[in-house]
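Encoded as C-alpha cells, the structure appears first; notes follow it.
Read-outs throughout are calculated quantities, based only on the coordinates presented, and are distinct from any laboratory measurement. Computed from a prediction, not measured in an experiment: that's the story for all the values here. Note that we place each Cβ from the backbone using ideal geometry, even for glycine, and neighbour counts take in every protein chain shown.
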Amino acid sequence: MSAIFSRQSWRVVGELGRRSVKQTFRRPQLMAPLIIFPTLLLAIQTGGAGRAVDLPGFPPVESFLAFMLAGAMVQSTLLAGNSGGIALAVDIEMGFTDRLLVAPIPRFSIVLGRLAGTAALGLFTAIWFLAIGFAFGVKFTEGPLGVLVMILLVIGSAVAFGSIGAAIALRSGSASVVQGMFPLLFVILFLSTAFFPQDLLLEPAQTVAEYNPLSFIVDAVRDPVVFAFSAEDMLKGLLGLLVIGGFGTVLAARALQHRLRTGG
Amino acid sequence: MAAIEVENLQRSFDGGVIAVDGVDLEVDGGEIFSFLGPNGAGKTTTVRMLTTLLRPTGGSAQVAGYDVVEDAAAVRRAIGVALQEAALDPLMTGRELIHLQATLHGLPPAEIDDRADALLQRVGLTRAADRRVGTYSGGMQRRLDLASALVHQPEVLFLDEPTTGLDPVSRMTIWEEVSKLNDEGTTVFLTTQYLEEADKLADRVAIISAGKIVAEGTPASLKAEVGKPRLEVAVAEGSPAACEDVLARFGECLPAKDGTLIVELAGGAAEIAPVVRALDERGILVESLELVEPTLDDVFVEKTGQHLEESDEPLPGQAGRVAE
C-alpha cells in the first residue's frame, strides 16, 4: 500500500479523477442523475408539498425547501456514486481498465481515481444545491461554517456511495448491473429521513429510517441548514459515512483482487 | 539477452477450459515475433499473461528480464501494450489520452506536452489531436493506440491483433509504423490471424493452435518445410508431353490440373528464367506461367489439418477445450 501514497501515485489518482469528471460532463446520461433528477424532484416536492411543514409533528423549519435541501444533496451524491460505478463498469466492458492495469501504477489507484472524480462531483452538487437555497432565500442557521461542514459531508457522502458503486462495477464488470441498482437506491432513499421527518413516517418505514445509515448522513447535512449543530447528529453522520464508505472500500478492494486473480 | 522467455506457460479457466497448454517461446531483443493462429487459439490469453493482466496457472515467463508474476511492476515499466480492439475512451481527445498515458508512466509534467506532440505527429494525428476519439476512424484509433503504447519508449511492444477489422490502407500504415519501430530497436511481439501480416512483418513466426505451438521459425523456413515453389504452366501451342519433358528437368512434376502442368521447382524461384528459356528452345508457346509459393496457410494446414480461415470455431481437441 505504501506505493499508493507516493507523489507519482497521487498524480495518477488526480489525473484519473480529472478524467472521471470530464467523462461525466461529456456524457449526458451520467450527468442527468446528478443534477437534473434531484433538482426536478426538489422543485416538484417543494412546489407541491410545501404545506407539509404545517403538519403536526413537523419540526420547526423556516421553509420546506430548507428542509429538503439536504435530501436533494444526498440523493444527488447517491446517484453520483451510482453513475461513477456505471462509468467504471463501462471502462471494464470496453477494455479501458486493461490499459490502466498494464501501466506501472498501484492497482487501487484506479478505484481511488474514480472516487476522486466522484468527490469532485459531490462538491459540484453541493454548490449547485446551495446556490438554489441561496437563490430562494434559505437562511443557513450556522452561517459560513455550517455551509463548509455541509459541503464536506456531501463530498464524504459522494465518496462513500462511490465506493459502493465501484465495488459493484468491479465485481460484475457490467454497466447494466450497476444501472440496475438505480431503483434500489430510491427505495433506500425513501426509507430514510431524506424527504420526510422520521416522526411522520408510518411503520415499518419509521423503524427502517431510524437505523438507515442514509438517515444519519442526511440529518448531519441538514442540521447546519435548518437547526443547529448537534454533536450527536454529526457523530452519527460521520459513523454513517464510515460504515458505508468502509464497507464499500473493502468490497471494492476485494472485487479488484478477484478481478486481477481471475483476469475478469 | 532474450526479450521474452517463456517456459511451459499454461492457463486454464474455471470449468477446466484450457486456453494455453504448455507454450515455450524465446524472442530475441530487436526482433518482430509474430504469434499466428485463429480465434480462440490462445494468442490473446498468452499476451494477457505476458503483459501481467492474467496470472499463469503453470510454467513461467520473463519479459525484459523480469518475471511476469514476481516482478510484474518491472515488466509493466518495460512494456508497451496495444490490446485487441483499441480500448479507447470515445469521450477523450487523442491528446488527452496521450497525456493520461504519459502520467500513468510517470513522465515529468514538463515533458508531457512535447512528447504528446511528437507521438501524435509520428502517427499522423496532429490535426485530429483535439477531437474526441469517438469521431476517429478505425485506422486512426489504432494509430492513436499505438502512439499511446509508445509514450514511455518501451523495450518490448505487444500488439494484439493490431490490424483486425482495418481496411487495407490503414493496415499498411500500421505495418509501416511497426517496421519503423523495430528498425529503431524495439522488440515487437505481434499476434495476428492474418497470414500476410505475419509473413510481411515478422522475423520469426510461431503458429498456435489449441493452446499449443505447432510450428515455429522464420516465415521462409516454415514455408520451405511444407514444400518448394510450384510453377504452373498452361501450354498454348505445342505438345503438353514435350512441355512436361522440359519441366521434369527442373523438378518433380505433379498431376496436371485443368490442363495446367505443374512442377515443383527443386531450385526454387530462381529457376523460372531457365525454365522459360528451355521451353522456348523446344518451340513450346506458353499461354500462362505462374509461380505459386507455399504460404503460411500451407504450413498451418500441414500442422493442424485445417486452413487458418476455417478454424475460427474451435474444433474438438482445439483451444478452449475442456480438460479431460
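Mind jotting down the distance between the C-alpha centroids of region B:246-300 and region B:217-232, whole Å?
Using only Cα atoms to place each centre, the spacing works out to 15 Å.
When you look at the Cβ of every residue in B:146-154, what mean number of other chain Cβ atoms sits within 10 Å? Could you put the intermediate results ahead of the total?
Values: counts 0, 0, 1, 2, 0, 1, 2, 0, 0.
Partner Cβ neighbours, averaged per residue: 1.
Per residue of B:102-111, how many C-beta atoms from partner chains lie within 10 Å of its own C-beta, taken as a mean? Before the final figure, lay out each step's value.
Numbers: counts 1, 10, 12, 5, 9, 0, 0, 1, 0, 0.
Neighbouring Cβ atoms belonging to other protein chains average 4 per residue here.
What FRET efficiency, computed as 1/(1 + (r/R0)^6) with R0 = 45 Å and r the Cβ-Cβ distance, is obtained for B:Glu5 and A:Ala43, rounded to the nearest 0.05? Could the numbers behind the result be given before it?
Values: r = 65 Å, r/R0 = 1.45.
Efficiency computed from Cβ-Cβ geometry: 0.10.
Would you mind telling me the antiparallel percentage of the DSSP bridges in region B:73-198, rounded to 5? Can you show the working numbers first?
Values: 1 of 10 bridges.
Around 10 percent antiparallel, to the nearest 5.
Once label points are set 7 Å from the Cα along Cα→Cβ at both A:Arg11 and B:Ala270, what is their separation, rounded to one decimal in nm?
5.7 nm
For B:Lys223, list the aspartates and glutamates whose Cα falls under 17 Å from its own Cα; do not include residues on the same chain fewer than 8 positions away.
Correct list for B:Lys223: B:Glu196, B:Glu197, B:Asp199, B:Asp203, B:Glu264, B:Glu293, B:Asp297, B:Asp298, B:Glu302.
What share of all Cα pairs of chain B, in percent, falls into each consecutive 10 Å distance bin?
That works out to 6, 23, 26, 20, 13, 8, 3, 0, in percent per bin.
Rank by packing, highest mean first: peptides B:282-290, B:129-137, with packing defined as the count of other Cβ atoms within 10 Å averaged across residues. Don't jump to the answer; show the numbers that get you there.
Values: B:282-290: 13.1, B:129-137: 15.0.
Ranked from most to least packed, the peptides come out as B:129-137, B:282-290.
With a 10 Å cut-off between alpha carbons and a GNM built on chain A, which of A:Arg51, A:Arg107, A:Arg254 moves the most?
A:Arg51
Starting from the Cα of B:Thr135, step 7 Å along the direction of its Cβ; do the same at B:Val214; then give the gap between the two resulting points in nm.
Roughly 4.7 nm, to one decimal.
Where nothing but the Cβ of Lys and Arg (+1) and of Asp and Glu (-1) is charged, how large is the charge dipole of the protein assembly as shown around its Cα centre, in debye to the nearest 20?
Working: 46 positive and 69 negative charges, 603 e Å.
In debye, rounded to 20, the protein assembly as shown gives about 2900.
Which of B:Cys253, B:Ser288, B:Ser239 sits closest to the plus end of the dipole of region B:229-292, meaning its Cα is farthest towards the positive end, when Lys and Arg get +1 and Asp and Glu get -1 on the C-beta?
Checking the options against the dipole of region B:229-292, the answer is B:Cys253.
Set the bar at 22 Å for Cα to Cα. Now go through B:Lys180/B:Lys303; B:Lys180/B:Lys212; B:Lys43/B:Lys303; B:Lys228/B:Lys257 and name every pair that lies beyond it. Display every interim value, and only then the final one.
Values: B:Lys180/B:Lys303 32 Å; B:Lys180/B:Lys212 30 Å; B:Lys43/B:Lys303 17 Å; B:Lys228/B:Lys257 18 Å.
Beyond 22 Å: B:Lys180/B:Lys303; B:Lys180/B:Lys212.
Using the Cβ atoms and a cut-off under 10 Å, what net charge is assigned to the surroundings of A:Thr193, where Lys and Arg are +1 and Asp and Glu are -1? Write out the running numbers ahead of the final one.
Numbers: positive: A:Arg222; negative: A:Asp199, A:Glu210, A:Asp219.
Spelling it out: positives minus negatives among the neighbours equals -2.
Just order B:293-305, A:88-100, B:42-54 by mean Cβ neighbour count inside 10 Å, highest at the front, would you?
B:42-54, A:88-100, B:293-305
Would you look at the GNM of chain B, springs on alpha carbons closer than 10 Å, and say which of B:Pro274, B:Pro229, B:Pro219 moves the most?
The residue that fluctuates most here is B:Pro274.
Rank the residues B:Trp175, A:Trp10 as a footprinting-exposure proxy: fewest other Cβ atoms within 10 Å of their Cβ go first. Before the final figure, lay out the partial values.
Numbers: B:Trp175 17, A:Trp10 14.
Fewest-to-most Cβ neighbours within 10 Å comes out as A:Trp10, B:Trp175.
Which peptide among A:234-247, B:239-252 comes first, and what is the full order, when sorted by highest mean count of other Cβ atoms within 10 Å? Display every interim value, and only then the final one.
Numbers: A:234-247: 17.2, B:239-252: 15.7.
In descending order of packing, they fall as A:234-247, B:239-252.
Please compute the average number of Cβ atoms from other chains found within 10 Å of each residue's Cβ in peptide A:116-127. Write out the running numbers ahead of the final one.
Working: counts 0, 0, 0, 0, 0, 0, 0, 0, 0, 0, 0, 0.
Counting other chains' Cβ atoms within 10 Å and averaging over A:116-127 gives 0.
Tally the DSSP beta bridges in the protein assembly as shown and give the antiparallel ones as a percent, rounded to 5. Show your work: numbers first, answer last.
Values: 40 of 58 bridges.
In the protein assembly as shown, DSSP labels about 70 percent of beta bridges as antiparallel.
Beyond 40 Å, what share of the Cα-Cα pairs of the protein assembly as shown is found? Please give it as a whole percent.
Numbers: 75146 of 172578 pairs.
Of the Cα pairs, 44 percent sit more than 40 Å apart.
Restricting to DSSP H runs of at least four residues, report the calculated mean residue ellipticity at 222 nm for the protein assembly as shown, -39500 (n - 2.57) per run over all residues, nearest 500 deg cm²/dmol. If you can, show how the numbers build up before the last one.
Values: 22 runs with 313 residues, N = 588.
The helix-only estimate for the protein assembly as shown comes to -17000 deg cm²/dmol at 222 nm.
Can you work out D for chain A in µm² s⁻¹ from Stokes-Einstein, where Rh is the Kirkwood radius over C-alpha pairs, the temperature is 4 °C and the viscosity is 1.567 mPa s? All intermediate terms of the calculation are to be shown ahead of the outcome.
Values: Rh = 18.8 Å.
Approximately 69 µm²/s, per Stokes-Einstein.
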